[in-house]
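The values are calculated or read from the model by the stated rules, or taken from the named source; none is laboratory data. These figures come from a predicted structure and were not determined experimentally. All Cβ positions, even for glycine, are placed from backbone atoms using ideal geometry, and neighbour counts span all protein chains on display.
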Amino acid sequence: ERNALTAFRDVTPKLADGTVIEVAANIGSLEEIDAALEAGAMGVGLFRTELLFMRHMHLPSEDMQAETYSALARAFAPHPVIVRTLDIGGDKPIAGIEFPEEENPFLGWRGIRMCLDRPDIFKRQLRALLRAAVHGNVKVMLPMVSEMDEVRRTKVLIAECAAELNAEGVPHAMFPLGVMIETPAAVLIAPALAREVDFFSIGTNDLTQYVMAADRLNPTVAKLNDVANPAVMSAIEMTARAGVEAGIMVGMCGEAAGRPDLIPAFIRMGLTELSMSPASIPRAKKVIADLKAAGG
Ligand code: PEP
Ligand code: MG
């Protein structure tokens, strides 16, 4: 069984009409690159940058971040690596950022909300990403987006960073900008968001907990925390439709992206990128290849 799956490692999964489905890896450090390549990852669909910030007793410098993102880009080039900007909140404190006491950290000051309030931290990361984009196929996505203004304000900061790097004579390149769709608000404004960004990546881990109003860490409500619930599937379908109509790529980077029972439905909805734990990649490739064989 394991050996049979290994055969799919080097497969580029395509649909009957020739559309390539990118099966990519979710990783959180450079140490995971080899396992992802070994599993057959066609790039990285989610690089979680939190670990970089949690590992040290101080915030990572721009140079250190630029080196990390560049090494990631080089390892997978020409495949894309999608780096998610810092997604941290009061449930995971880090050195160098003071978080307020919050009754509901999952509904609080986290992800893009925190970053926009701390442009000193956010711009350091954006500058590092612009510098890394010279070294490969870097894309950037924003976590926890719930209103258009967050995207617009981020674009202003990116333009400021690019202008600064220009003035300093530091090599850099513009990257495609996407948003994670992981709040119900983002789903409901997806048609408008799709006109502002280059791609969507659906974060089913959070989208499920927010659509179902069921804490993803609370075992008592685990039964409600199910992507296959019709309410969540409907939110995914609405997102896919908005993205497809606007002509942007729609992918998924929540754990559900690797579920063999759900992949056919996601593909029917129009998703063309699925990012998952490296261990799930060979099977996902097989599921997609089987769809084509079945005429799907
Ligand atoms: C998600 O919410 O689906 C996701 C991929 O991000 P995280 O699990 O890091 O919140
Ligand atoms: Mg999330």
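Within the group R241, R268, which residue is within 21 Å of P143 (Cα to Cα), over 15 Å from the mean Cα position of the chain (by Cα) and away from ligand 1 (no atom under 11 Å from the Cβ)? Before the answer, list the steps.
On the way: R268 fails: within 21 Å of P143 (Cα to Cα).
When all the criteria are applied, what remains is R241.
Could you tell me whether the stretch 80-89 includes any residue that is modelled with pLDDT of 95 or more, more than 21 Å from L59 (Cα to Cα) and within 16 Å of ligand 2 (Cβ to nearest atom)?
So far as the stretch 80-89 goes, yes, one or more of its residues are modelled with pLDDT of 95 or more, more than 21 Å from L59 (Cα to Cα) and within 16 Å of ligand 2 (Cβ to nearest atom).
Residues are listed down the side, and each one gets a yes or a no for (1) of a type outside the set (K, R); (2) surrounded by 13 or more Cβ atoms within 10 Å (Cβ to Cβ); (3) modelled with pLDDT of 95 or more:
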{"site": "L5", "(1), (2), (3)": "yes, yes, no"}
{"site": "R9", "(1), (2), (3)": "no, yes, no"}
{"site": "A16", "(1), (2), (3)": "yes, no, no"}
{"site": "E22", "(1), (2), (3)": "yes, yes, yes"}
{"site": "S29", "(1), (2), (3)": "yes, yes, yes"}
{"site": "E32", "(1), (2), (3)": "yes, yes, yes"}
{"site": "L37", "(1), (2), (3)": "yes, yes, yes"}
{"site": "G43", "(1), (2), (3)": "yes, yes, yes"}
{"site": "T49", "(1), (2), (3)": "yes, yes, yes"}
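For the structure I just gave you, tell me whether T154 is in contact with a helix residue (DSSP H, G or I) (Cβ under 9 Å, 6 or more places away or on another chain), away from ligand 1 (no atom under 16 Å from the Cβ) and either hydroxyl-bearing (S, T, Y) or modelled with pLDDT under 95 (or both).
Against the criterion (in contact with a helix residue (DSSP H, G or I) (Cβ under 9 Å, 6 or more places away or on another chain), away from ligand 1 (no atom under 16 Å from the Cβ) and either hydroxyl-bearing (S, T, Y) or modelled with pLDDT under 95 (or both)), T154 qualifies.
Residues S29, S61: which one is over 16 Å from the mean Cα position of the chain (by Cα), under 25 Å from G111 (Cα atoms) and not charged (D, E, K, R)?
S61
Can you pull out every residue in the stretch 122-142 that is β-branched (V, I, T) and either surrounded by 19 or more Cβ atoms within 10 Å (Cβ to Cβ) or touching a strand residue (DSSP E or B) at 6+ places or on another chain (Cβ under 7 Å) (or both)?
Of everything in the stretch 122-142, those that are β-branched (V, I, T) and either surrounded by 19 or more Cβ atoms within 10 Å (Cβ to Cβ) or touching a strand residue (DSSP E or B) at 6+ places or on another chain (Cβ under 7 Å) (or both) turn out to be V138, V140.
Please indicate, with yes or no, whether at least one residue in the stretch 195-218 is within 25 Å of L126 (Cα to Cα), among the β-branched types (V, I, T) and away from ligand 1 (no atom under 16 Å from the Cβ).
Scanning the stretch 195-218 turns up at least one residue that is within 25 Å of L126 (Cα to Cα), among the β-branched types (V, I, T) and away from ligand 1 (no atom under 16 Å from the Cβ).
From the list L129, L72, which one is over 30 Å from F8 (Cα atoms), modelled with pLDDT of 95 or more, within 15 Å of the chain's Cα centre (by Cα) and more than 16 Å from ligand 2 (Cβ to nearest atom)? Don't jump to the end; show me each part of the working.
Numbers: L72 fails: over 30 Å from F8 (Cα atoms).
Residue meeting the stated conditions: L129.
Collect the residues in the stretch 197-231 that are over 19 Å from T272 (Cα atoms), buried (at least 16 other Cβ atoms within 10 Å of the Cβ) and β-branched (V, I, T), keeping them in residue-number order.
Those that are over 19 Å from T272 (Cα atoms), buried (at least 16 other Cβ atoms within 10 Å of the Cβ) and β-branched (V, I, T): T208, V211.
Against the conditions (1) within 25 Å of A25 (Cβ to Cβ); (2) within 16 Å of ligand 2 (Cβ to nearest atom); (3) in contact with an Asp or Glu (Cβ under 7 Å, 6 or more places away or on another chain), where does I181 fall short? Just the number, please.
Every condition holds for I181 apart from (3).
How many residues are surrounded by fewer than 19 Cβ atoms within 10 Å (Cβ to Cβ) and within 16 Å of ligand 2 (Cβ to nearest atom) if we restrict to the stretch 232-268?
Matching residues across the stretch 232-268 total 1.
Would you confirm whether or not the stretch 145-159 contains a residue that is buried (at least 23 other Cβ atoms within 10 Å of the Cβ), within 16 Å of ligand 2 (Cβ to nearest atom) and more than 18 Å from R48 (Cα to Cα)?
No, that holds for no residue.
Filter the stretch 44-68 down to the residues that are within 22 Å of G254 (Cβ to Cβ) and in contact (Cβ under 8 Å) with a residue 60 or more places away in the chain, then identify the one that is nearest to ligand 2 (Cβ to nearest atom).
By that ranking, first place goes to L46.
How about the stretch 77-92: which of its residues are crowded, with 22+ Cβ neighbours inside 10 Å, hydrophobic (A, V, I, L, M, F, W, C) and in contact (Cβ under 8 Å) with a residue 60 or more places away in the chain?
Hit for the stretch 77-92 is I82, nothing else.
Those residues that are part of a helix (DSSP H, G or I) and away from ligand 1 (no atom under 12 Å from the Cβ), I need them from the stretch 244-262; list them, please.
Passing the criteria: V244, E245, A246.
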